[in-house]
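Colleague: Shown below is the structure under consideration.
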């Protein structure tokens, strides 16, 4: 059996930022309604080097398994931080339909979730937005903001990287990290090892999509600052054990009833922002349903792509 293989370039050719945004939105809604299922993410750790993650999902006649890594020291070795494969199968007969590059799928769905949360939870009159962290996922997030009609500020500790991303996607370089972090809408897409928002630093009415803390020990907001905000997440089980909410949940400062799923806001079963002055935080840990959504779009374009195949 010949199985198509979609490398990173093919995935990006197949799925535009606009298509990724709509697909991820639909996935959140389907998951919230119980139409898609997602067993827990499994970590295979080799700290301090990094970890491997196995992420399954099923929905709309397709099943998916993503085997993906996070090795933060890889860039210094000339290697990508995120590598791996996405396997998409027919849920009715088990046939493997395609193999996709996990890094490209991850970038598209991370960016889509960050911007979707910002659009859903940010103030309607928000006039400034920023992306902090210009790695692969941060660059895609900035590109998605541009596709949605915003011109974000971008910031990264690496001067050349922030300049390159700004020119590539049509964004502006922030004059400082503080300028970016004070924007009305912010997406933080960092490795998650350094706190960006200390106690008292979040501004009234701000929204922040927190995309970096996707594993134990990572945080972009100090717990004391986190607990004074209105909290949202992609999935409580993941977020409370390996996301931005982990520290606050472990200490008992945040409980399940204090956090709203973004999918419930999108379906109308829960309230989003309640006032112009409210601070909203979205904790994203990355869901296999999002990967499934991107993979389904990519595979629907197979006839338009120049792909290779493997024989099984």
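The numbers here are math on the coordinates, done by the rules we state, and not lab data. In this text the structure is predicted, and so the values were computed from the model without any measurement. Every residue, glycine among them, receives a Cβ derived from its backbone with ideal geometry; neighbour counts consider all protein chains shown.
Colleague: Quick check on packing: order 54-62, 90-98 by the mean number of other C-beta atoms within 10 Å, highest mean leading. The partial results should precede the final answer.
Modeller: On the way: 54-62: 18.4, 90-98: 12.9.
The most tightly packed comes first, giving 54-62, 90-98.
Colleague: Across all directions of projection, what mean area in square nanometres is found for the Cα convex hull of the stretch 63-153? Don't jump to the answer; show the numbers that get you there.
Modeller: On the way: hull surface 30.6 nm².
Mean projected area for the stretch 63-153: 7.7 nm², to one decimal.
Colleague: Place the peptides 160-167, 207-214, 63-70 in order of packing, highest mean first, counting for every residue the other Cβ atoms within 10 Å and averaging per peptide.
Modeller: With the highest mean Cβ count within 10 Å placed first, the list reads 207-214, 63-70, 160-167.
Colleague: Oh, and also: Kirkwood Rh, the stretch 40-197, all Cα pairs: how many Å? Kindly include the intermediate steps, with their values, before the conclusion.
Modeller: Details: mean 1/r = 0.0589 Å⁻¹.
Its Kirkwood hydrodynamic radius stands at 17.0 Å.
Colleague: Now for a separate question. Using only Cα atoms, tell me the angle between helix 17-32 and the longest principal axis of the chain; keep it within 0 to 90° and round to the nearest 10.
Modeller: In the chain, helix 17-32 runs at an angle near 90 degrees to the longest axis.
Colleague: Please report, in whole Å³, the volume per residue of the convex hull around the C-alpha atoms of the stretch 143-210.
Modeller: On the way: hull volume 6.2 nm³, N = 68.
For the stretch 143-210, the hull spanned by Cα atoms encloses 91 Å³ per residue.
Colleague: How big is D, in µm² s⁻¹, for the chain by Stokes-Einstein at 37 °C and 0.692 mPa s if Rh is the Kirkwood radius over C-alpha pairs? Walk me through the intermediate numbers first.
Modeller: Values: Rh = 19.4 Å.
Using the Kirkwood radius from Cα pairs, D works out to 169 µm²/s.
Colleague: Also: For the stretch 14-89, report the convex hull volume of the alpha-carbon atoms normalised per residue, in Å³, without decimals. Each step should come with its number before you reach the end.
Modeller: On the way: hull volume 9.0 nm³, N = 76.
Output value, Cα hull per residue: 119 Å³.
Colleague: Please sort 194-204, 250-260 by packing, taking for each peptide the average over its residues of neighbouring beta carbons within 10 angstrom, highest first.
Modeller: On the way: 194-204: 15.2, 250-260: 13.2.
Most protected by this proxy first, the peptides run 194-204, 250-260.
Colleague: Using only the alpha carbons of the stretch 48-110, determine the length spanned along each of the three principal axes and report them from longest to shortest in whole angstroms.
Modeller: Per principal axis, max minus min of the Cα coordinates gives 43, 20, 19 Å.
Colleague: Considering only C-alpha atoms, what is the centroid distance from the stretch 46-111 to the stretch 222-300, in Å?
Modeller: 21 Å
Colleague: From Cα coordinates alone, what are the radius of gyration and Dmax values for the stretch 120-179 in angstrom?
Modeller: 10.9, 33
Colleague: For the chain, find the longest principal axis of its Cα atoms and tell me its angle to the long axis of helix 136-147, 0 to 90°, nearest 10.
Modeller: 80 degrees
Colleague: In Å, the Kirkwood hydrodynamic radius of the stretch 267-312 over pairs of distinct alpha carbons?
Modeller: On the way: mean 1/r = 0.0667 Å⁻¹.
After inverting the mean inverse Cα-Cα distance, the result is 15.0 Å.
Colleague: Please report the relative contact order for the chain, taking Cα pairs under 8 Å with a sequence separation of at least 6, and give it as a percent rounded to a whole number. Each step should come with its number before you reach the end.
Modeller: Details: 708 pairs, mean separation 71.2, N = 312.
Normalised by residue count, the contact order of the chain is 23 percent.
Colleague: Oh, and also: Return P(r) of the stretch 115-286 (all Cα-Cα pairs; 10 Å bins starting at 0; whole %; ordered from short to long distances).
Modeller: The calculated distribution, bin by bin, is 11, 42, 37, 10, 0.
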